[in-house]
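Some notes on the structure that comes next.
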Amino acid sequence: MPTTAADVPEHLLSDFDLYDLSICDPEDTMQERVRELAQIAPVVYCTPHGGHWFVTRYDVVNEILHSPEVFSNYPSGLLDAPPSMMLPLNSDPPEHTAYRNVLQPLFSPTRTKALQGEIRRHVTELIDGFIEKGECDFVADFAHQLPTRVFLWLMDLPREDAPLFSDLAQKAFFGKPGGTEEESNAVRVDVAQQLGAYFARVIDERRGRSLGPDSDVASIVINTPLQLDGQERPLADEELQSMLLLTLVAGLHTTQPQLAWALMYLARYRDERQRLIDDPSLLPNAVEELLRLEASAFPVRRVKHEIEIGGVTMREEDRLLLALCSANRDPSRFEDPDTMSIDRKHVAHLSFGGGRHRCIGSHIAREQLRITLEECHRRLPDYELTQPAVCHPSQARSVLSMPIRFTPGPRSGVRERAHDTTPEGARA
Ligand code: HEM
């Protein structure tokens with residue numbers, strides 16, 4: 001029998017609900033609420049959604065991430081939504097290892113480096129879309145669009161499909177805003193069907209394609225055999241659909257808020273921003289610090305067999321949420337954890353998770369963040385928020401809107417190129 005609230009000492013019980021809209025009010029009190037829970041204990045028990053453990057401290061979160069023999073990734077959702085396959089995310093070894101081996105080489109640091117020029121081209125085009133106005137909604141006009149464009153480019157899918165993907169990915173996460181859980185689930189099922197049908201067509205068209213050094217990610221995945229239990233077989237359509245779907249959803253709903261938060265913190269920490277404007281070589285470390293300060297994902301695990309961890313006994317079939325955003329601000333791990341410091345050394349944050357399921361897209365995400373900041377600092381260096389960002393809570397916490405203003409500038413052209421000191425110099 002899994003743990004119920006009746007089995008848990010009262011001081012460890014909380015009614016914290018990750019899906020409660022009030023925790024992401026205009027002041028975004030999510031971190032505050034999570035800090036209160038972390039101050040109680042490394043692990044507390046939250047009663048909403050059928051009850052689940054909530055893990056807040058760095059060492060415990062890290063241990064769980066590295067213990068797939070005790071903590072399963074299936075199902076990977078907290079809500080009682082129909083469990084859908086999101087491969088490799090909600091599989092366990094040995095299947096997980098086999099699926100991951102297909103995807104991982106496609107997202108290596110070397111392949112990602114080759115993407116820098118393409119990412120910069122999209123960043124430049126998106127900034128061109130609003131730079132003359134001196135204001136924009138940084139989420140709608142930029143942060144929501146960049147990861148979709150990068151996904152489409154990686155998969156060699158038509159750019160015109162960007163609005164379709166943005167819309168469907170949005171619905172996949174938020175269901176029907178303001179609707180009941182049932183209504184939201186119906187929306188999610190519909191989205192899964194639509195995306196499934198889209199990817200089914202792509203799989204059909206590209207199966208059997210001969211591969212070369214310039215092949216797109218989708219064609220490579222579709223035509224790479226799965227090696228499992230000493231045997232090799234083609235990936236089934238259903239498996240492929242779920243792998244392509246995950247790559248879309250995992251890349252969008254995480255990168256989008258991280259881009260917005262990066263600008264939000266640098267608008268607040270002006271001295272740090274000025275240092276980055278003066279010396280862009282500080283950006284890679286700053287990106288790690290920005291990722292540490294706000295982690296969008298709350299991975300879920302299911303307990304395979306009883307275990308004592310973080311001062312509590314978890315039973316078979318218990319579910320737990322890993323609060324990466326809290327682990328990243330654990331004072332026993334990070335000095336002065338709520339403060340942004342681009343000089344912080346060894347920022348070993350957990351925003352990309354850890355262990356076997358560690359984010360495959362981390363290198364691409366980092367490049368999107370670094371290049372975005374570099375270009376924003378070059379072209380709209382005095383950006384400031386005109387209203388607080390509107391955040392949205394969920395297992396992939398997001399930012400829905402973030403209006404900014406800045407001194408208007410010209411669309412990209414001679415002036416920008418003259419100042420281009422980027423190492424890759426791959427601007428289109
Ligand atoms: C800043 C942006 C991103 C953040 C914060 C992030 C975060 C994460 C986290 C925490 C996990 C682990 C989940 C778990 O342990 O259950 C994960 C897994 C994953 N991410 Fe990301 N992600 C980001 C961007 C991306 C991008 C751009 C892609 C693809 C293009 C991507 C693809 C994946 C995939 C496929 C997995 C599943 C890996 C597995 O199960 O082995 N992510 N991500």
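Assorted remarks:
- Relative contact order for the chain: 28 percent, from Cα pairs under 8 Å spaced at least 6 residues apart, divided by residue count.
- Solvent-accessible heavy-atom area per residue, rounded to whole Å², over the stretch 200-295 at 1.4 Å: 43
- Highest-MSF residue in the chain out of PRO105, PRO158, PRO88 [GNM, Cα springs under 10 Å]: PRO158
- Here GLU335 and GLU205 are evaluated by their C-beta separation; at R0 = 45 Å the FRET efficiency comes out at 0.25.
- HN-Hα J in Hz across the stretch 165-175 - Karplus 6.51, -1.76, 1.60, θ = phi - 60°, x for Gly and Pro: 5, 4, 5, 5, 5, 4, 5, 4, 8, 9, x
- Distance from the stretch 299-365 to the stretch 222-243 (C-alpha centre basis), Å: 30
- Cα lying deepest toward the dipole's positive end in the chain, options VAL300, LEU103, SER219, charges on Cβ: SER219
- Shape call, the stretch 1-54: gyration tensor on alpha carbons, a/c limit 1.5: oblate
- Share of carbon and sulfur in the accessible heavy-atom surface of the chain [1.4 Å probe, %]: 51
- Positive-pole candidate from PRO280, LEU324, PRO381, dipole of the stretch 269-385, charges at beta carbon: LEU324
- Here the 3J(HN,Hα) profile of the stretch 328-339, calculated from phi with Karplus coefficients 6.51, -1.76 and 1.60 at θ = phi - 60°, is 5, 10, 6, x, 7, 10, 10, 5, 6, x, 7, 9 Hz, Gly and Pro shown as x.
- GNM top mover of ALA323, ALA197, ALA297 - the chain, alpha-carbon springs below 10 Å: ALA197
- Hull shadow area, averaged, the stretch 33-135 [alpha-carbon convex hull, nm²]: 11.4
- Taking the chain, the Cys residues with no second Cys beta-carbon under 4.7 angstrom are CYS46, CYS136, CYS325, CYS359, CYS376.
- Assuming charge only on the beta carbon of Lys and Arg (+1) and of Asp and Glu (-1), the dipole of the chain about its Cα centre is about 1220 debye to the nearest 20.
- Shape call, the stretch 210-365: gyration tensor on alpha carbons, a/c limit 1.5: oblate
- Listed by chain and number, the lysines whose C-alpha is less than 25 Å from the C-alpha of LYS171, apart from same-chain residues fewer than 8 away, amount to an empty set.
- Taken over the stretch 316-414, the ratio of Cα radius of gyration to 2.2 N^0.38 Å equals 1.39.
- CD proxy at 222 nm, helix term only [per DSSP H run n ≥ 4: -39500 (n - 2.57); per residue of the chain; nearest 500]: -13000 deg cm²/dmol
- Shown are THR56, THR224, whose ranking by accessible area with a 1.4 Å probe and every protein chain present, most to least, is THR224, THR56.
- Largest-first principal axis extents, alpha carbons of the chain, Å: 68, 54, 41
- Per-residue ³J(HN,Hα) for the stretch 3-19, Karplus 6.51 cos²θ - 1.76 cosθ + 1.60, θ = phi - 60°, Hz, x for Gly and Pro: 5, 10, 4, 5, 8, 9, x, 4, 5, 9, 8, 9, 9, 4, 10, 4, 9
- Both the radius of gyration and Dmax for the stretch 138-215 are 15.0, 48 Å, in that order, over alpha-carbon atoms.
- Within a straight-line Cα-Cα reach of under 16 Å, LYS345 can be paired with the following aspartates and glutamates, leaving aside sequence neighbours fewer than 8 residues apart in one chain: GLU272, GLU288, GLU289, ASP330, GLU335, ASP336.
- Annotation note: trypsin sites (Lys or Arg not before Pro) in the stretch 313-352 located in DSSP loop regions with a Cβ neighbour count of at most 11 within 10 Å are LYS345.
- Here's the thing: no lysines lie within a cross-link span of LYS304, going by alpha-carbon distance under 27 Å and ignoring same-chain residues fewer than 8 apart.
- The stretch 135-176 shape via C-alpha gyration tensor axes, a/c threshold 1.5: oblate
- Packing order of peptides 370-379, 181-190, highest average first: 370-379, 181-190 (average count of other Cβ atoms within 10 Å over each peptide's residues).
The values are calculated or read from the model by the stated rules, or taken from the named source; none is laboratory data. Keep in mind that this is a model prediction, so the values were computed, not measured. Heads up, the Cβs are rebuilt from the backbone with ideal geometry, glycines too, and the neighbour counts pull from every protein chain shown. SASA here: full protein model, heavy atoms, side chains in, ligands and nucleic acids out. Shrake-Rupley method; radii C 1.70, N 1.55, O 1.52, S 1.80 Å.
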